[in-house]
Every structure is written in structure tokens, then in C-alpha cells.
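*Asks:* For reference, the structure I am asking about is given below.
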Amino acid sequence: MKPQAMHTALSCGLALAFAAPAFAQQPTTIPGEGGPDIASVFSQSFGMDFAHGALRAGGPGYKAVFDSAGMEYTPALGASAPMNYPVRLTLTSIKRGETTLYDAATAKAASPQQEGMVASYKHGDGVVETFEARVEGVKHNFTFASAPAGVGDLVVECRLATQLAASHGNCDQGLSLQLAGIGAVEIGAVVGIDAAGQSSSGGMSYDGSSVRFVLPATYVDQAAYPMVLDPIISTTALINTNAAKDPDVAFDESFDDYLVVWEHQFSQLDIDVRGQKVDTLGALVTTQIFITAQSGHEINPSVGNVDAGSDYFVAFQNGASPFGPWDIRGLRVDGGTVTTTSATIDVAATTANETTPDVSGDNTSIGGSLDGCIIVFDDGTGISATKVDVSTAAVVAGPITLSAASTASKPAISKSGGIDGRHLIIWERDFTTDRDVRGALVDRDLNVLDSSISIETSAALDGYNGDVDGDGTQWLVAFQQSESGNSGPCDVLCRRLVWNGSAVATPSGSEVIEGAPGIDERDPAIGYLGSKYVAAWAADRKSVV
């Protein structure tokens, strides 16, 4: 199951809660029914952490990496940007008049030290350079513990390397590094702030290769120390970049909160996967998680929770270009420390194109000590499934084939197998003139319990874009169906399925959740909340003629 459609739809479409049938087993904890506000997660999540071999920071409009040479800041300009446009900022010198306080050519390179949201570099003589991760960008400071030696203006010079364009010369109000018509990286105006709270505007200039931050001599002479020189670096989007999209959500009963994962697009050539813990009231828990950070395309993320260890497993589709070839990869996220705690592993990485993963967790041990999740995916020739031991981040079973039809696609799996460990998997199959929703049932060890489940097979009307959730004994499947003639607007329907001890039965027919004539209802999602389901979908309120 991919609840991302549900939460996206809550902001742009409709949602309906309705009672579930009496189930044989009920979870001991029912997650907050509202769930995380995905739009708020996208707009508020930021963080700094050592991940994937480097100190990194990120927010809605950027990602940054820190090394001994300084900071590389990459704006999230979205799909309109043909490639990444990083801005590399490296301190080269600090001077006051004729006195050199720091010279990178002779100084020993300093590695960044992290404290919370701040990366710091000690440059000697009481000078500390810091980069503070914020939701809007990175605040770049130079702190002087005591009055700098020398006479005259205080000048901090940094080498600035970027392919973004900017006017040369004085830029006292700030420097704008632009990608025409798409967006910009903004370096704010310089301000000096002393220990007494007295501030002074500074100056800035750019010559095409270096930027100079200047505080006037009169302020430097009179300031109470320590004193801070203070610009901020941020991203401005001139168009709607839609950098964050395609989220998925899983719930952890131990901590009573969610993990949200999503794609974050920086350009046509670079999409990362990020994560954020959110409590049941919608508040962000700890900081942003950098699930991937390498260049290339990491898309279609999905997450499942294994409550036996309070771990999550995040799977995603990975390719070197927008055209693939695609593999499925993934890694473990610790629900307690909220960090990636395993190397990225290959879930499915053959010469075929493996796409559109969906993850189901389990709250029961597998084989006594293994914490498992099941990942379903499209392997190019049908639908397959693999089991991963989350505690070791290793593939332990599969892949098995659930459908060998090359026209089968868009698999979805219920988020949990319940106490009995039965996972319902669905997909759509294209018969050229008709699309159907089909399914299979597996147990937590990937044994197939029912290999051929017909969910929606009307020859007259298409059924597709399905989603599923349930408790391992009963499930609800939602899908999109054309109103007539397999074209034009769609309605959202659902169907109940039940395990009868030997197979999956459909005790009743499909029911319409939303079927307003002429209104296009699409992209349904189902969430099982213990005592009820929530169904959601996007709705185009324009009448279709």
C-alpha cells in the first residue's frame, strides 16, 4: 500500500472514513487517524547529519555537503533545471587592512565539526566559520572572539565556483546567482552583530570568481566582542519547481509516530530520497533523514515498519538517468535514532528494468529472530516479490513471480501482514482493450497462499490504479474505474476481500466510494486504522464535457 496518494489527496481532493468489519485480530495501538500533513512536512523539514560518508544538510529548497574545502550548496530547482547547479563556497582569506588574519594557501585545512544544526570550522586566532542549516537555507557566519588585529575594514574573501550567472561588482544588498527563468541562489546582505546586540550593515562585491564580505572599520573598532559577520544563503524559485513529491508513510506502534519518505528533485539529472519522522499530532520529530544523497535518480520511494525492532525499511527505484536502466535498492532506518543504519543494498538488480516498489512491514518475528518486510515490484516481465531481513538489511528470500504477464504493472501491498502474517498484493493488468485489477496472497515467508485473485475484471469498464490495506485476514481494495467507454472521467470504487482459511473470497461486489457524474476522481488510496479504513482520492471539480 502507498498512503502517499491518500495524504496528497487530503489536500487537493476528498477523503472518507468508514467502519471496518469486525476483525478476528485488532492491533493494540491505533495510529492517529489524521496522519501527518504531507504538505507541512515538505515545507518544514530540514536537518544536518553525517550520512553517506559526509556531513550533509538539507531543506525544502536545497542540499549541502561540507568538507575541508568548505560548503557545496545545491539548490532544488526541480524538473525545469537541466542539471544540478551547485555553488561551492571556500574561504580563501580574512584581512584587516594590510594585516592577514587567515590565508588558505598557508593554513592547515580544517575539517567540519557538527553540533546540532551547525557545521563549524576553526581557523585560528579566535575565528570560527559556521554554517547553520535552516528551513529556508544555510546561515553562514564568521565569529571573531576578540578585536581582529590591524587597521581598516574587515574583509572576508571566499572563492565562489558555480555555473549560475550573476552581475559583477558591488552587491551590498545581496548577491543573486541565477538560472534564467527558473530560479536562483541568494546570498543575503552582510550584517555585523556584536555581543551587545549592536549591528551594522556591511558591503559585498563579486568579481566572477570570488565574493568579498566587508564590515567597516568604524564598526569593527567599536564593537563588543565576540562579534559575528552574518550573511545567509538560500534558494529562490521563480517557477513552481514541485521539488518534493511522491511521498509514502509508515506507522511505528512502539514510538507512536510515522516515517514519511519522498522524492526531492534538484534537476532533471538528480532526484534524492528524504525522510522525516512525524508524531500523531503532525509535529516533526527530530530532523530530516538523508536516505539517499548520490547523483542520479532515486524515485518511487516506499517505506514499511517492522515493529519487532522498531525499524523501517525504505525501498526505491534507482537509475543513472531518467531512462534507466532501473534497479530496486533500499536500506534500514532506525526508528529510535532516526538515522540510516545500513548500507544501501540491492533488492532487485538484474539486467531487467525493476520499477515501482512497494513495501509491507511486519510486527511479528520471522524465523524466530528475523525482522522482515516484503517488497513487491514490476520486473518488466510481470510482478515479483522479495523478502528482506531488516535487522541485517539483507535479502533472505525471493524474488518470486506473482504474475508473469508483461502487461501487469503498478503493484501495491498491504502495509502489514497482521498477526497471521498474510499480505495481499494487487496490480493492474492491461489487456489492450481493457484493464483489470488482479491480486495474490502470500505469507510472511513468501509462500503463495492464493495465486489468482480477481478483484475487478469488467470487460466494459477499466479498473486500475489500485491500492490495498487490511489486517492479514480482511482487506479493502480501492481502484479507479472509467465512467463509460474506458475513456473520460473516472470514479473511485472499493471491494472487500476475506481470507476463508484456504483462499481469498470476495463476499460482496464492488461499491462506489465516489462517482459524481462528469467529475474525474482518481488516484485512490486506502489506509487501515484498526477500527476503520480511510479512503482518499484526488478530484477534479471541473465538469468533463
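*Asks:* Enter the Cα centre distance for the pair the range 158-185 and the range 67-103, rounded to the nearest angstrom.
*Replies:* Each part reduced to its Cα centre gives a spacing of 12 Å.
*Asks:* Here's a follow-up. I need to check one value: relative contact order of the range 67-130, counting alpha carbon pairs closer than 8 Å and at least 6 residues apart, in percent.
*Replies:* Working: 73 pairs, mean separation 15.3, N = 64.
It rounds to 24 percent for the range 67-130.
*Asks:* Could you give each residue of the range 36-50 its phi-based ³J(HN,Hα) in whole Hz, using Karplus coefficients 6.51, -1.76, 1.60 with θ = phi - 60°, and x for Gly or Pro?
*Replies:* x, 7, 4, 4, 5, 4, 4, 7, 10, 6, 7, x, 8, 6, 7
*Asks:* Pop out the carbon and sulfur fraction of the accessible area of the chain as a percent, whole number, probe 1.4 Å. Walk me through the numbers before you get to the answer.
*Replies:* Values: 10300 of 20710 Å².
Accessible surface attributable to carbon and sulfur in the chain totals 50 percent.
*Asks:* On to the next question. For E136 and D420, what does the FRET efficiency come to when R0 = 51 Å and r is the distance between their Cβ atoms, rounded to the nearest 0.05? Please report the intermediate quantities before stating the final value.
*Replies:* Details: r = 48 Å, r/R0 = 0.94.
FRET efficiency, E136 to D420: 0.60.
*Asks:* Sticking with this structure for a sec: Given the rule -39500 (n - 2.57) for each run of at least 4 DSSP H residues, summed and divided by the residues of the chain, what is its mean residue ellipticity at 222 nm, to the nearest 500 deg cm²/dmol? Please report the intermediate quantities before stating the final value.
*Replies:* Details: 3 runs with 22 residues, N = 545.
My calculation for the chain gives -1000 deg cm²/dmol from helical runs alone.
*Asks:* May I ask you to rank W537, W499 by accessible area, largest first, using a 1.4 Å probe over the protein chains only? It would help to have the intermediate numbers written out before the result.
*Replies:* On the way: W537 5, W499 45 Å².
I get W499, W537, largest accessible area first.
*Asks:* Here's a follow-up. Assuming 0.36 nm per residue, please report the length gained on full extension of the stretch S454 to S502 beyond their Cα-Cα distance. Present the calculation step by step, with values, prior to reporting the outcome.
*Replies:* On the way: separation 48, 0.36 × 48 = 17.28 nm, distance 1.56 nm.
Result: 15.7 nm gained on full extension.
*Asks:* Tell me, what is the 1.4 Å probe accessible area of S454, in Å² to the nearest 10?
*Replies:* 60
*Asks:* Which aspartates and glutamates, if any, have their Cα less than 19 Å from the Cα of K139, not counting same-chain residues under 8 positions apart?
*Replies:* D49, D67, E72, E115, E129, E157, D172, E186, D194, D230
*Asks:* What order do T218, T236 take when sorted by accessible area (1.4 Å probe), most exposed first?
*Replies:* Values: T218 95, T236 50 Å².
Result, largest first: T218, T236.
*Asks:* Also, quick follow-up: (1) 1.11; (2) 1.06; (3) 0.96: which one is Rg/Rh (Cα atoms, Kirkwood Rh) as calculated from this entry?
*Replies:* Working out Rg/Rh (Cα atoms, Kirkwood Rh) from the coordinates points to (2).
*Asks:* What pairs in K245/K277; K387/K532; K63/K95; K387/K410; K63/K245 have C-alpha atoms more than 26 Å from each other?
*Replies:* On the way: K245/K277 16 Å; K387/K532 28 Å; K63/K95 30 Å; K387/K410 18 Å; K63/K245 16 Å.
Long pairs (Cα-Cα over 26 Å): K387/K532; K63/K95.
*Asks:* Counting only C-alpha contacts under 8 Å and six or more residues apart, can you give the relative contact order of the chain as a whole percent? Before the final figure, lay out the partial values.
*Replies:* Working: 1644 pairs, mean separation 69.2, N = 545.
For the chain, the relative contact order is 13 percent.
*Asks:* Per 0.36 nm of contour for each residue apart, how much would the distance between N242 and L269 grow if the chain were fully extended, relative to their Cα-Cα spacing?
*Replies:* 8.2 nm
*Asks:* Then there's this: In terms of solvent-accessible area of protein heavy atoms at a 1.4 angstrom probe, what is the ranking of M83, M227, highest value first? Write down the numbers at each step before the final one.
*Replies:* Details: M83 65, M227 0 Å².
Most to least solvent-accessible, the answer reads M83, M227.
*Asks:* Given the C-alpha centroids of the range 478-545 and the range 243-318, what is the distance between them in whole angstrom?
*Replies:* Between the Cα centres of the range 478-545 and the range 243-318 lies a distance of 26 Å.
*Asks:* Per residue, how large is the accessible surface of the chain? Use a 1.4 angstrom probe and give square angstrom. The partial results should precede the final answer.
*Replies:* Numbers: 20710 Å² over 545 residues.
Per residue, the chain has 38 Å² of solvent-accessible surface.
The values are calculated or read from the model by the stated rules, or taken from the named source; none is laboratory data. If you're wondering where the values come from, they're calculated on a predicted model, not measured in any experiment. Reconstructed Cβ throughout: ideal geometry from the backbone, glycine too, with neighbour counts over all protein chains shown. Note: accessible area is taken over every heavy atom of the protein model, side chains too, but ligands, DNA and RNA are not part of it. Shrake-Rupley method; radii C 1.70, N 1.55, O 1.52, S 1.80 Å.
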